[in-house]
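Peer 1: Following this message is one structure expressed as structure tokens.
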Amino acid sequence: MDKLDRKTLKYYARMAAESYADDPVHVYATKSEERRKKFVYHFMLERLSTSNGEDIIYTDEQGRGICVWRDAHNPYTVFDFLACPNWVFLVYYLFNTVKTLKAYSHLDANVFEKNTLLISPVFVDVKHQGQGIATQFIKRGIRELVPQGYKLGLETQNPDNVGFYEKLGFRTVKYQYFKSEKIHNYYMVYDPNSEK
């Protein structure tokens, strides 16, 4: 896939600010909803910029959502954010960034085998949620990436999402609860035999 231009990355970052702002990690790191949406915009812009040209990115022609498939052993790090060209973001949201990265720092990439691609992240415009768009992105990944020899996985901090992923053939291989942040984490891998 061709690299996304900066305007397109900003478009998806704005979408994330609305559709991804209730993610448990972001709620933990930024209590104010208004500030959280602004933070998620900047955070996701940097995250998508890091993925751009490095990871497998699926979008649709209508621009209704995005799904990034990232190597499980190539995590986002604080260095990705230090490379951020928007220093205002780093300074103004430093506390929120540190809390967010601290919450994610517990995650254990060793749960996943080598050659595993993780969904990191997937989200859909709030106007189009519930229409099966995220499902289409994930099924496309299963259809295209598994035959290439990739294993697929994901981490979700939202217990409500576990059943959705199970229906697509993912199963939980490890669960953790991070007490200080009050965040659940489910490590899931794709298993065609568990598809419902």
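The values are calculated or read from the model by the stated rules, or taken from the named source; none is laboratory data. Predicted model, so just to flag it, every value in this text is computed and none were measured. Because the Cβ atoms are built from the backbone with ideal geometry, glycine has one as well, and the counts that use them run over all protein chains shown. We work out accessible area using only protein heavy atoms, side chains counted, and drop any ligands, DNA or RNA first. Shrake-Rupley method; radii C 1.70, N 1.55, O 1.52, S 1.80 Å.
Peer 1: Just how large is the dipole of the chain about the Cα centre, in debye to the nearest 20, putting +1 at every Lys and Arg Cβ and -1 at every Asp and Glu Cβ?
Peer 2: Dipole magnitude for the chain comes out near 360 debye.
Peer 1: On to the next question. Grab the other residues whose beta carbon is less than 12 angstrom from that of residue 141, score K and R as +1, D and E as -1, and report the net. Intermediate results must be reported in sequence, preceding the final value.
Peer 2: Working: positive: 70, 139, 140, 143, 151; negative: 55, 144.
Within the 12 Å Cβ shell, the charges total +3.
Peer 1: Next question. Is there a pair in 102/139; 10/179; 10/37; 31/179 whose C-alpha atoms are over 24 Å apart, and which pairs would that be?
Peer 2: 102/139; 10/179
Peer 1: Let me ask you something else. Please work out the C-alpha center-to-center distance from the range 1-79 to the range 142-196 and express it in whole Å.
Peer 2: 19 Å
Peer 1: For labels at residue 98 and residue 164 in the simple 7 Å Cα→Cβ model, what's the distance in nm?
Peer 2: With each label placed 7 Å out from Cα toward Cβ, I get 3.2 nm.
Peer 1: Restricting to DSSP loop positions (anything but H, G, I, E, B) with no more than 16 other Cβ atoms inside 10 Å of their own Cβ, which trypsin sites (Lys or Arg not before Pro) remain in the range 21-129?
Peer 2: Loop-located and lightly packed - 31, 114.
Peer 1: In debye, nearest 20, what is the charge dipole magnitude of the range 133-182 about its Cα centre with +1 on Lys and Arg Cβ and -1 on Asp and Glu Cβ, if you could check? Write out the running numbers ahead of the final one.
Peer 2: Working: 9 positive and 5 negative charges, 24 e Å.
Magnitude of the dipole: close to 120 debye.
Peer 1: Among (i) 88, 52, 29; (ii) 47, 40, 31; (iii) 46, 38, 34, find the value of Cα extents along the principal axes in Å that was calculated from the structure presented, and write down its label.
Peer 2: Here Cα extents along the principal axes in Å agrees with entry (ii).
Peer 1: I need the peptides 183-189, 48-54, 145-151 ranked by packing, meaning the mean over residues of other C-beta atoms within 10 angstrom, with the highest value on top.
Peer 2: 183-189, 48-54, 145-151
Peer 1: Report the calculated FRET efficiency for residue 8 and residue 179 (r = Cβ-Cβ distance, R0 = 45 Å), to the nearest 0.05.
Peer 2: Taking R0 as 45 Å, the efficiency between residue 8 and residue 179 is 0.70.
Peer 1: Just need the relative contact order of the chain here, percent rounded to a whole number, with Cα pairs under 8 Å and 6+ apart.
Peer 2: With pairs under 8 Å counted, the relative contact order is 20 percent.
Peer 1: Going toward the positive end of the dipole of the chain, with +1 on Lys and Arg Cβ and -1 on Asp and Glu Cβ, which of 180, 32, 120 do you reach last?
Peer 2: 32
Peer 1: Ignoring ligands, DNA and RNA, what percent of the 1.4 Å accessible area of the range 1-80 is carbon and sulfur?
Peer 2: It is 48 percent, rounded to a whole number.
Peer 1: Another question, if that's okay. To the nearest 0.05, what FRET efficiency results for residue 144 and residue 191 with a Förster distance of 22 Å applied to their C-beta separation? Can you show the working numbers first?
Peer 2: Details: r = 18 Å, r/R0 = 0.80.
Taking R0 as 22 Å, the efficiency between residue 144 and residue 191 is 0.80.
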